[in-house]
Amino acid sequence: MSTILTWISGWVRSQCNGDWEHMYGINIGISDNPGWHVTIDLAETNLENIEMVIQEDKTEYDWYFVKVKNKEYFAAGDLTKLELLLEKFKELVEMHPANS
């Protein structure tokens with residue numbers, strides 16, 4: 001398993017408290033432009049009040065977008081960007097440690 005998938009699995013495991021996992025989670029899919037999209041619920045986590053936007057459009061085939069708002073991490077990118085979208089989430093978590 002890749003390092004980022006191992007890390008994401010650990011993050012999800014750390015959120016599971018008997019309630020969170022029944023209402024929230026992670027969704028990964030593909031869109032018709034074509035590209036990837038990742039949605040991660042942030043409700044009831046230490047990230048639920050963060051808001052930010054990142055966008056990079058180099059070309060029609062080299063782009064990504066990250067938006068954190070309304071207790072949700074939403075990221076989308078071209079078909080080469082799935083790992084990057086997950087890494088951007090990891091960066092967000094590491095910038096806002098749970099004990100700070």
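The values are calculated or read from the model by the stated rules, or taken from the named source; none is laboratory data. Computed from a predicted structure; not experimentally measured. With ideal geometry, Cβ positions are generated from the backbone for all residues, glycine too; neighbour counts draw on all protein chains shown. For the accessible areas, the whole protein counts, side chains as well, though only heavy atoms, and no ligand, DNA or RNA atoms are used. Shrake-Rupley method; radii C 1.70, N 1.55, O 1.52, S 1.80 Å.
Looking at segment 72-100, which of its residues are within 16 Å of residue 12 (Cα to Cα) and of a type in the set (Gly, Ala, Ser)? If the condition is that a residue be within 16 Å of residue 12 (Cα to Cα) and of a type in the set (Gly, Ala, Ser), then 98 is the only one that fits.
Just so you know, in segment 58-76 the residues that are in a loop (DSSP other than H, G, I, E, B) and of a type outside the set (Asp, Glu) include one that is modelled with the lowest pLDDT, and it is 61.
Per-residue answers, yes or no, for (1) in a loop (DSSP other than H, G, I, E, B); (2) of a type in the set (Asp, Glu); (3) exposed (fewer than 11 other Cβ atoms within 10 Å of the Cβ):
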position: 9; (1), (2), (3): no, no, no
position: 29; (1), (2), (3): no, no, yes
position: 50; (1), (2), (3): yes, no, no
position: 53; (1), (2), (3): no, no, yes
position: 56; (1), (2), (3): no, yes, no
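Within segment 51-74, if we keep just the residues that are of a type in the set (Val, Ile, Thr) and under 13 Å from the mean Cα position of the chain (by Cα), the residue that is nearest to residue 85 (Cα to Cα) turns out to be 66.
Among the residues making up segment 31-48, those that are modelled with pLDDT of 95 or more and open to solvent by 50 Å² or more (accessible area, probe 1.4 Å) are 36, 37. Give me the pairs: first residue in segment 52-77 and of a type in the set (D, E, K, R), second residue part of a strand (DSSP E or B) and open to solvent by 50 Å² or more (accessible area, probe 1.4 Å), beta-carbon distance under 7 Å, and six or more apart or on different chains, which are they? Every condition considered, the pairs that remain are 67/53; 67/74.
Residue count for segment 15-51 under the criterion of being under 17 Å from residue 97 (Cβ atoms) and free of Cβ contacts under 8 Å to residues at least 24 places away in the same chain: the result is 2.
The number of residues in segment 68-100 being more than 26 Å from residue 17 (Cβ to Cβ) and surrounded by 15 or more Cβ atoms within 10 Å (Cβ to Cβ) comes to 6. Which condition does residue 45 not pass, out of (1) touching a helix residue (DSSP H, G or I) at 6+ places or on another chain (Cβ under 7 Å); (2) assigned to a strand (DSSP E or B), if it passes all the others? The one condition residue 45 does not meet is (2). Among the residues making up segment 58-67, a single one is of a type in the set (Val, Ile, Thr) and open to solvent by 60 Å² or more (accessible area, probe 1.4 Å): 59.
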